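Data block below; observations after.
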Amino acid sequence: MAEVDGQEKSEQATGKKLSESRDRGQVAKSAEINSVVIFTTGLVIIYLTQQFISSRISSATYTIFNSLDILNINTNVLQDYIKSALIYFVITLLPVFGGLFAVAIVVNIVQVGFKFSVKALTPKMSKFNPISGLKRIFMSTTSLVEVAKSILKLIVIGTFTYNVLKDFVLTTQNLVDLPIGEIVSFMIDAAYSLLWKISLLYVGIAVIDFIFQKFKFRKEMMMTKQEVKEENKSQEGDPQIKARIKKAQFAMARNRMMKDVPTADVIITNPTHFAVAVRYDPNKFQAPKVVAKGMDELAQRIKKIAKDNNVPIHEDRLLARTLYKLCEVGDFIPESLFKSVAQILAYIYKLKTSKKKTIV
């Protein structure tokens with residue numbers, strides 16, 4: 001298996017690499033499929049339009065020979081004559097070339113799908129370097145494989161054609177006594193028979209080449225474990241960088257939370273492990289709201305800030321644990337805990353009112 005920088009290419013290509021290679025025009029495609037489809041389609045079109053083409057050519061030939069004695073040959077007449085002839089033959093052969101052009105597009109789309117890529121059309125200066133071009137032709141493994149395929153294909157088709165023609169040559173011995181019409185008919189039938197047999201053989205070659213090209217492309221696109229790892233990093237981000245970003249975001253959120261502790265009405269705690277800061281403003285909130293929460297060391301910091309800012313601290317082990325578990329910072333108190341929290345808030349408000357009366 002191929003290696004890159006000492007690493008074995010053991011991993012299948014990722015979707016990202018396949019997409020990028022497709023944008024560059026690198027796809028698994030068999031030229032033999034295109035050739036056999038175009039060749040076979042051409043045969044079918046010529047067979048179906050032979051009457052139209054032959055009648056057009058016969059008519060043109062008849063017109064040319066009948067007008068030779070009356071033509072006044074000069075430069076202008078000759079130019080007009082050539083233009084008319086070109087237009088005539090373009091119209092005559094349009095069904096053939098139009099059909100072949102359409103089939104060529106369709107067979108490419110069937111093989112690789114439809115995708116217009118600007119990158120594939122962008123010229124590369126390296127391809128204009130004659131030295132690099134010669135290296136690609138004579139020293140590239142791909143070029144050598146293609147040459148070997150062409151030679152093998154030529155041998156197979158040549159051998160097959162020779163065996164078919166050998167039988168036809170033996171048959172032609174009986175044509176000596178036949179009229180011209182039957183001889184021409186035999187030649188046309190023999191030509192079509194040969195071409196159809198070659199087409200069928202070519203289909204087999206094209207199928208084998210298509211499978212080979214798919215296998216070759218898949219192998220060329222394979223990646224090392226390090227390449228897959230680097231691509232995952234580029235898509236998802238470096239885990240270490242992501243961890244640092246997450247840590248920074250958490251620190252910022254915690255600092256914002258700590259700034260809200262002094263605005264709380266009460267801190268509900270489990271003395272050593274949990275602290276939940278609750279605030280209630282009947283003019284703004286539909287229910288009491290959690291403005292901060294923490295566990296262990298963070299809980300101790302919340303309580304210290306609360307003491308420094310004269311925020312009441314109320315101990316309720318079960319309620320503190322439940323609030324910490326059910327609520328995130330910014331959440332309203334669940335309806336099931338309304339009564340418990342409302343009792344604590346009412347008690348805190350009562351204490352504040354009593355202190356105000358005492359001061360007065």
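Of Ile245, Ile348, the sequence from fewest to most neighbouring Cβ atoms within 10 angstrom is Ile245, Ile348. Rounded to two decimals, the Cα-based Rg/Rh of the range 185-338, with Kirkwood Rh, is 1.64.
Here the Karplus relation 6.51 cos²θ - 1.76 cosθ + 1.60, evaluated at θ = phi - 60°, turns the backbone of the range 49-65 into coupling constants of 10, 4, 5, 5, 5, 5, 5, 5, 5, 4, 5, 5, 4, 4, 5, 4, 6 Hz, with x for every Gly and Pro.
For Ile313, nonlocal amide neighbours, meaning residues 5 or more places apart or on other chains whose placed amide H falls under 5 Å from its own, are Ile267. What's the Kirkwood radius of the range 251-359 in Å, using all Cα pairs? Result for the range 251-359, one decimal place: 13.8 Å. Positive contributions from Lys and Arg (+1) and negative ones from Asp and Glu (-1), summed over other residues with Cβ under 14 Å from the Cβ of His273, come out at +2. Each residue of the range 291-301 was assigned a 3J(HN,Hα) from its phi angle through the Karplus expression (A = 6.51, B = -1.76, C = 1.60, θ = phi - 60°), giving 9, 6, 7, x, 10, 6, 4, 5, 4, 5, 5 Hz with x at Gly and Pro.
No lab work stands behind these numbers, since they all come straight from the coordinates. No experiment lies behind these values; they were computed from the predicted model shown. Reconstructed Cβ throughout: ideal geometry from the backbone, glycine too, with neighbour counts over all protein chains shown.
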